[in-house]
There are 2 protein chains.
Amino acid sequence: MMLVRLNMRVALAALCAAVMLLMLYWSRCGDLAKRPGSALSNAISERAPSEDIECSINGEYSVACRRDAAEVYVPFSFIRKYFEIYGKITSTDGVEKFEWSHSYSKVYHPKKKYDPRGTFTTFENYNVEVRDRVKCISGIEGVPVSTQWEPRGFFYPTQIAQFGLAHYSKNITEPEPRVRILDDGQKYMGNWTVSKDATMTREYDAEMKANVIRFSTSDQASSQVALKVNISQDFVLSLDVLFKPNSSLTVVLQHKDKKETVYLHYVTSTQLIYAQDDHIYYGIGVEQKWRRLTRDLIIDMQKGWALLDQPKRKSPRNKFRISSLSLSGAGAACGVRVSSSEHMAHFFAAARWLVRRQRARGGWPVPARRRVAPQVPDLAPGWHSAMSQGHGVSLLARAYQRSGDAAYLRAARRALALLAVPPAQGGVRATWMDRYVWYEEYPTKPPLFVLNGFIYALLGLYDLHVIEGENASSPAKKMFDDGMTSLKTLLPLFDTGSGSFYDLRHFTLGVSPNIARWDYHATHVNQLYLLAGLDPDPVLINTAKRWEGYMQGKRAAHN
Amino acid sequence: MMLVRLNMRVALAALCAAVMLLMLYWSRCGDLAKRPGSALSNAISERAPSEDIECSINGEYSVACRRDAAEVYVPFSFIRKYFEIYGKITSTDGVEKFEWSHSYSKVYHPKKKYDPRGTFTTFENYNVEVRDRVKCISGIEGVPVSTQWEPRGFFYPTQIAQFGLAHYSKNITEPEPRVRILDDGQKYMGNWTVSKDATMTREYDAEMKANVIRFSTSDQASSQVALKVNISQDFVLSLDVLFKPNSSLTVVLQHKDKKETVYLHYVTSTQLIYAQDDHIYYGIGVEQKWRRLTRDLIIDMQKGWALLDQPKRKSPRNKFRISSLSLSGAGAACGVRVSSSEHMAHFFAAARWLVRRQRARGGWPVPARRRVAPQVPDLAPGWHSAMSQGHGVSLLARAYQRSGDAAYLRAARRALALLAVPPAQGGVRATWMDRYVWYEEYPTKPPLFVLNGFIYALLGLYDLHVIEGENASSPAKKMFDDGMTSLKTLLPLFDTGSGSFYDLRHFTLGVSPNIARWDYHATHVNQLYLLAGLDPDPVLINTAKRWEGYMQGKRAAHN
């Protein structure tokens, strides 16, 4: 405050002095000022000098503003804080302008009716694995490990399903990947270098139905079977391996400009990830059986750096190249290739994880403690989420549809059971005033009625119902219909008149409302546009449109 | 847009030229600039010149802003429209500042627990009769006539009760009125002028138990019994009259500066109000019995002018004086006085109106059609309002408590009946999901759950319950308790996170929310502070405080 006032006095004194000086100069340079057509004299006389004026904000504090004859100008730095508006100066062809943004999020208008065989909502835009809260992609499971509520890392079913659904969606929307086969034992044979104390043979493997590489190296670190490459565009490595104990695959990445080399080691271990200096280790398990590794090497490198507390080390894909692969220990490998993407491999990794980890009640319990709101008891490890269940069903329905494997369909159907079980019995079914069912993303007591997770649960039900088709034997349809009734009834309660509520905790807890930040609000809008394509009730499309308008600063009318 | 860009170029050219001139001057006046401690050189070098910059608002349209090196300045005229913020330049001791106001309304913090014998909420601040939607104060009933939904005017029970409750409250909070007795037939005798063809006598009247003036004039317009006065401070005239047909009281008001005279005629007629040129007529009825007239002459004058479509004609109280009263026709008068206020007379006028006009079911039906929302059927004339009923009860409870007249108590009790009757049967009782009772200000189908009217109904119930005391025989207590349960449960649904909803039409109709404008929001806050003094449930006080914060631009947090 004091500072502001002092500055004002100084600035006022300066302005007055400047005006006096100008007047003095003009009196001497009369010719210039009077010259016909002089832009100077016209413009300066048209515009009063900008003065400082103190703005008293609601009588509580002051902000230094400017004024001229007709207008008061308010500093954007104040507006940004007061209203949470975003703004930046941009430049086009040398002309700068200031871009004012009411929200920072984007709405995707669906181009056609939602189809459970197609992309999952707008997930083609998701990049789950790059998120900070993803510790890494498990070398054993091929799915992300979350640190969101538990720094040691845990398998978060919602995140795993999102990872799978994002890759499924990208597989549809992105062009065909570039694939470069490095060694298929048949048409393409890599020119592997075998050190003196190592062996490498090629032989037919009945299980893989292909010619595979068998290798064996000594205990010497230099003993290896290596393939020099120079790949600088694509970084998703795939190969099948069968490793004996203490074996590994090492991929060397080199920075194109700097003398920087990173070693990615995929080792027979159960340790998730370990990093030291330029060496990053991923455990790929100890089972001696064929398995396929599909690794985004850039992601693997970045997660290693994050572990080393060097998250700022940049690894833009065009700055690195793969310079070699090497095998050590003993075992076999085949089908070595590098692609621009392997979306379906990631998708099915998630699908298999869901089938493998599903419990007897059909759930994917979350093993981390979750504090949802300070006023409700934490969710103890082992809680279920309607969002996990719904996402899981959406993913499994697609996996069944793609593969025809009935195991996926059975798992999807089993996953519904917990949607009928109340939180007190470990399920996720809440009801609004004993009347409207709500599938709870966080089954707290009392319920919070989180909107986006509920809608994701509905989408799972819809997906399964459609994929099941005429032979539907699950309660998916009825559960979806009941949920839609709830949604259409209660949706208006999430409307703030200028945004949306994330949940209804203000109702169930009597506390301050929990407003959805813009990215969640945009999720709501995207979800509603999708549902409006499935259900003609005007509340869906009208709410979607109104809520999209809120993102441009529109507001509901007051009386 | 084109205009903005042109101005920008011109202004930029001007600014550049100005800077060049300044630099030129400095090179000549080196001594001045280099003088030690010169504020000029320091300050000017600290502050970059203010330039124009185009602000693109959400990519939709542009606003001309200013910038300097570190800040972009946004014109307040844009902010005012975009965010509905209020602002004005004020001046204190010659220093101007800009006062930014998030809302235009005021919250009154109760100084003590609400008492049904005391002021009614914050109604001491209400001036019902000056509102534009009050056509005038009826000469017969002494209560306001509304034009809110019906230009011809009608008796709106809510408005009449507010008129009475405001005067009751002012009577408590204002100092004792100044009273000037003009004629009481005993101690103060007016010096009446009697024209030649008129008569005036003073005689004892058994009914009034006082010496009264009996008068009779001829048909000549000049024939009258008149009292010259010169009263310029107070304008509430009271007197008792008993008029034969075709009699009248005329009050002459004169502007102190201008040659402007206004004639207020109180005539034996049933016409509400009539005005022509400088003559304004109020019908006071045709019954030949004693009745007391209590008239705010300034209000009566202003309402006449409004009728003449001269609402802008100003009538500040200190610009006029009463110059005479005159009687014509035949009849009697007594107890003539002028006061600064006659609040209790107005209050009891409203109380008597409520008793007189109450119907068999206990209601005060509203005779005007009311369009509440475009999506619901209009309320047909004859509808009841829980707010009218509640206000009526609040007023009658006070009238009983002041007067001891049991007729008021009986009327208050009768008024509760409609609070138990659903709208389909002409009552005002809605329920939220068949569970929570709501006394509806506007009993539409479906219900809208208007908040402020519901709380006013609760206050009526509370008032009656407390005034009844131990001898309570009405269901007021139970109705109040049930309503409070509803309120405490549903109140959070009215929270927008930055204001409050006027009603829950977005829920019941699925339409855009109806945000309460700031004066209704302030009413909500005032009501909640009051209730928080009666009920310790934290939802009441916490909501009141949070909602008050919204008026200073605070917002609920987003996640």
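The values are calculated or read from the model by the stated rules, or taken from the named source; none is laboratory data. Note that the structure is predicted; figures quoted are calculated from it, not measured. Don't worry about glycine lacking a Cβ; one is built from the backbone with ideal geometry, like all the others, and counts go over all protein chains shown. Note: areas computed on protein heavy atoms with side chains; ligands, DNA, RNA excluded. Shrake-Rupley method; radii C 1.70, N 1.55, O 1.52, S 1.80 Å.
General observations
- Kirkwood hydrodynamic radius (C-alpha pairs) into Stokes-Einstein, the stretch A:383-436, 20 °C and 1.002 mPa s, D in µm²/s: 180
- Counting from the shortest, the label point at residue B:380, 7 Å from Cα toward Cβ, is 6.1 nm from the same position in each remaining copy.
- Scanning chain B for GluC sites (Glu not before Pro) that sit in a DSSP loop and have at most 12 other Cβ atoms within 10 Å, the longest stretch containing none of them is B:288-559.
- Largest first and in whole Å, the equivalent-ellipsoid semi-axes of the protein assembly as shown read 77, 43, 22, each the square root of five times a Cα gyration tensor eigenvalue.
- Buried on assembly, the stretch A:493-513 (at least 20 Å² less accessible surface than by itself, 1.4 Å probe): A:493, A:495, A:496, A:501, A:506, A:507, A:510, A:512, A:513
- For chain B, the longest principal axis of the C-alpha atoms and the axis of helix B:518-532 are separated by about 70°.
- Overall form of the stretch A:238-295 per C-alpha gyration tensor (a/c, 1.5; a/b vs b/c): prolate
- Percent of Cα-Cα distances greater than 12 Å, calculated over the stretch B:351-390: 63
- Relative contact order (percent, whole number), the stretch A:133-274, Cα cutoff 8 Å, 6+ residue spacing: 15
- The convex hull of the Cα atoms of the stretch B:110-258, projected and averaged over all directions, covers 13.6 nm².
- Short-range pairs are left out: with C-alpha atoms under 8 Å and at least six residues apart, the relative contact order of chain A is 13 percent.
- Crossing angle, helix B:2-28 versus chain B [Cα axis fit, 0-90 degrees, rounded to tens]: 60
- Heavy atoms of residue A:519 accessible to a 1.4 Å probe, total area in Å² rounded to 10: 60
- Percent of alpha-carbon pairs separated by more than 17 Å within the stretch A:446-491: 34
- Relative to the 2.2 N^0.38 Å rule of thumb, the stretch B:199-272 has a C-alpha radius of gyration ratio of 1.29.
- Gyration tensor verdict on chain A (Cα atoms; rounded if a/c is under 1.5, prolate if a/b is larger than b/c, oblate otherwise): oblate
- Over the stretch A:179-309, the ratio between the Cα radius of gyration and 2.2 N^0.38 Å evaluates to 1.08.
- Over the stretch B:281-322: Kirkwood hydrodynamic radius from C-alpha pairwise inverse distances, Å: 12.2
- With only the Cα atoms considered, the stretch A:74-164 has a convex hull volume of 204 Å³ per residue.
- Share of pairwise Cα separations in the stretch B:403-466, more than 13 Å, in percent: 65
- Taking one quarter of the surface of the C-alpha convex hull of the stretch A:218-373 gives a mean projected area of 12.0 nm².
- In Å², nearest 10: area of residue A:518 left accessible to a 1.4 Å probe: 40
- Accessible surface of residue B:473 - all protein chains present, 1.4 Å probe, nearest 10 Å²: 80
- Chain B: calculated mean residue ellipticity at 222 nm from DSSP helix runs of at least 4, using -39500 (n - 2.57): -10500 deg cm²/dmol
- Kirkwood analysis of the stretch B:447-559, using all unique Cα-Cα pairs, places the hydrodynamic radius at 14.8 Å.
- With kT/(6 pi eta Rh) evaluated at 37 °C and eta = 0.692 mPa s, and Rh the Kirkwood radius from Cα pairs, the stretch B:149-191 diffuses with a coefficient of 237 µm²/s according to Stokes-Einstein.
- Of all accessible heavy-atom area on the stretch B:356-407, the percent that carbon and sulfur account for (1.4 Å): 47
- Per residue, the accessible area of the protein assembly as shown comes to 45 Å², computed with a 1.4 Å probe over protein heavy atoms only.
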